[in-house]
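Just so it is clear, none of the values below were taken in a lab; they were calculated from the coordinates. None of the values given here were measured: they were computed from a predicted structure. Neighbour counts run over all protein chains shown; Cβ positions are idealised from the backbone, glycine included.
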Amino acid sequence: MILRGKHVGEMRDMIERRIANVARRAAATQPERKLVSSEFRDGTLEVRTTSQKLAHRIARELCKAFGGKAAYAWSDDGALDVVWTRAAAR
């Protein structure tokens, strides 16, 4: 999952807290769904999860909390790529 936009860096702490909260809630009922890593580089936050469903849920929660748009692309091998962008302050 890739998070882009000029506000990602400015809101990084809030975004990472939201991601951690969503992952924690998911792990309570589905322990196989976990957050693997989160890396911030050049204004982009890359998040890896163990399941498509968790990545989808995180993107949906980011859209609800901070606005923006999520784009989803499933590969032939079943992997899900999610790109969340937020262009303007809300």
Going residue by residue through the range 75-86, the Karplus relation 6.51 cos²θ - 1.76 cosθ + 1.60 with θ = phi - 60° gives ³J(HN,Hα) values, rounded to whole Hz and with x marking Gly or Pro, of 8, 4, 8, x, 6, 10, 9, 10, 10, 10, 10, 9
May I ask you to list the chymotrypsin sites (Phe, Trp or Tyr not before Pro) in the chain that are in a DSSP loop and have at most 13 other Cβ atoms within 10 Å of their Cβ? none
Using the crude model of +1 on Lys and Arg Cβ and -1 on Asp and Glu Cβ, and no other charge, please compute the dipole size for the range 2-85 relative to its Cα centre, in debye to 20. 400
When the charge dipole of the chain is computed with +1 at the Cβ of Lys and Arg and -1 at the Cβ of Asp and Glu, the Cα pointing farthest to the positive end, of Ile2, Val22, Ala70, is that of Val22
Most fluctuating of Gly68, Gly43, Gly78 in the GNM of the chain (C-alpha, under 10 Å) is Gly78
Candidates Ala26, Ala55, Ala65: whichever shows maximal mean-square fluctuation once the chain is modelled as a Gaussian network with Cα springs under 10 Å: Ala65
By Cβ neighbour count within 10 Å, fewest first, Asp42, Asp13 rank Asp42, Asp13
What is the order of His7, His56, fewest Cβ neighbours within 10 Å to most? His56, His7
Could you grab the relative contact order for the range 2-85? Cα pairs under 8 Å, six or more apart, rounded to a whole percent. 31
Considering the alpha-carbon set of the range 2-85 alone, what are its Rg and its Dmax in angstrom? 12.1, 35
Subtracting the Cα-Cα distance of Thr85 and Ser51 from 0.36 nm times their residue separation yields 10.2 nm
If I fit a long axis through the Cα atoms of helix 52-66 and take the longest principal axis of the Cα atoms of the chain, what angle between them do I get, 0 to 90°, rounded to 10? 30
If each of Lys6 and Lys69 carries a label point 7 Å out from its Cα toward its Cβ, how far apart are those two points in nm? 1.8
When the chain is treated as a GNM, springs tying every alpha-carbon pair under 10 Å, which of Leu35, Leu45, Leu80 comes out with the largest mean-square fluctuation? Leu80
